[in-house]
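Please read the structure below before turning to the comments.
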């Protein structure tokens with residue numbers, strides 16, 4: 001994958017003007033219920049959001065990669081007003097009533113589609129039907145409740161090998177100098193079949209602890225390239241991720257970070273013993 005290095009066209013798009021370097025986030029989103037006020041995760045996302053504009057630069061644009069949008073090829077949302085998608089079932093009406101009316105940015109999406117390339121130098125696709133799924137709005141709404149920063153979602157081609165996702169993510173790194181906050185939303189461990197109701201946030205299965213701590217070790221040591229080799233952990237990886245769509249957003253955040261860049265962990269805890277909530281801020 002090779003990015004088009006002509007960045008001049010971005011100067012004419014308000015949300016992509018040159019800026020101070022933005023951080024990169026990986027957010028463990030866990031249960032959809034975490035998007036409602038009154039829990040430790042909502043509170044942590046709210047606190048993180050308050051750092052933008054004070055400790056960290058305020059984003060001009062948010063590019064979110066969620067575990068919940070898988071496509072054939074890679075696509076960007078390209079509508080003026082993305083809808084709030086309630087892609088879950090069996091939860092209280094209060095969760096279905098949630099809306100996140102952030103604008104999209106079609107001009108920025110079109111520019112990014114040409115700048116970032118898939119395999120065979122194909123541009124990214126443009127999508128006007130998706131919107132913001134709960135992996136995106138569930139964490140962005142607590143962080144940026146005013147919904148006054150435009151949001152674009154980037155889908156993931158699940159058929160592709162982890163190294164393809166990481167390679168595409170490395171092309172996103174340049175956007176950090178363009179006011180773009182890159183947010184990967186998934187979970188470092190995600191096995192719903194093994195969830196134990198009532199488990200404390202400090203409790204996790206041995207395999208969940210091992211996979212979470214191994215991954216955290218790579219991040220802490222700046223060994224970010226090793227993250228794309230998680231399937232080599234064999235049965236440990238299969239227990240942590242019976243399907244690995246929740247892990248892949250980590251590769252997008254890590255791919256946009258630098259190996260020597262300081263990483264700050266937060267929410268080092270678990271839900272149901274089988275979902276790791278560990279989250280990371282780079283930069």
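Please treat every number below as a calculation from the coordinates, not as lab data. These numbers come from a predicted model, not from an experiment. Glycine gets a Cβ as well: all are built from the backbone with ideal geometry, and neighbour counts include every protein chain shown.
Tell me, what is the FRET efficiency for residue 235 and residue 258 to the nearest 0.05, using R0 = 25 angstrom and their Cβ-Cβ distance as r? After rounding, the FRET efficiency stands at 0.20. Kirkwood hydrodynamic radius of the chain, from the reciprocal of the average inverse Cα-Cα distance over all distinct pairs: 18.7 Å. Using equal-weight Cα scatterers in the Debye expression, the normalised intensity of segment 112-176 in log10 at q = 0.18, 0.22, 0.23 Å⁻¹ is -0.84, -1.12, -1.17. Note on residue 160 and residue 120: the model spin-label points, each 7 Å out from Cα along the C-beta direction, lie 1.3 nm apart. Each residue, residue 199 and residue 88, gets one label point 7 Å from its Cα in the Cβ direction; the gap between the two is 1.7 nm. Between 48, 227, 140, the Gaussian network model of the chain with springs among Cα atoms under 10 angstrom shows the greatest mean-square fluctuation at 48. Subtracting the Cα-Cα distance of residue 223 and residue 265 from 0.36 nm times their residue separation leaves 13.6 nm of extension gain. Here segment 140-260 is described by how far its Cα atoms reach on the three principal axes: 41, 33, 29 Å, from widest to narrowest. The shape of segment 26-94 can be summarised by an equivalent ellipsoid whose semi-axes, obtained from the alpha carbon gyration tensor, come to 23, 21, 12 Å from longest to shortest. Given R₀ = 35 Å, what would the calculated FRET efficiency be for residue 209 paired with residue 103, taking r from the Cβ atoms and rounding to 0.05? The computed FRET efficiency comes out at 0.30.
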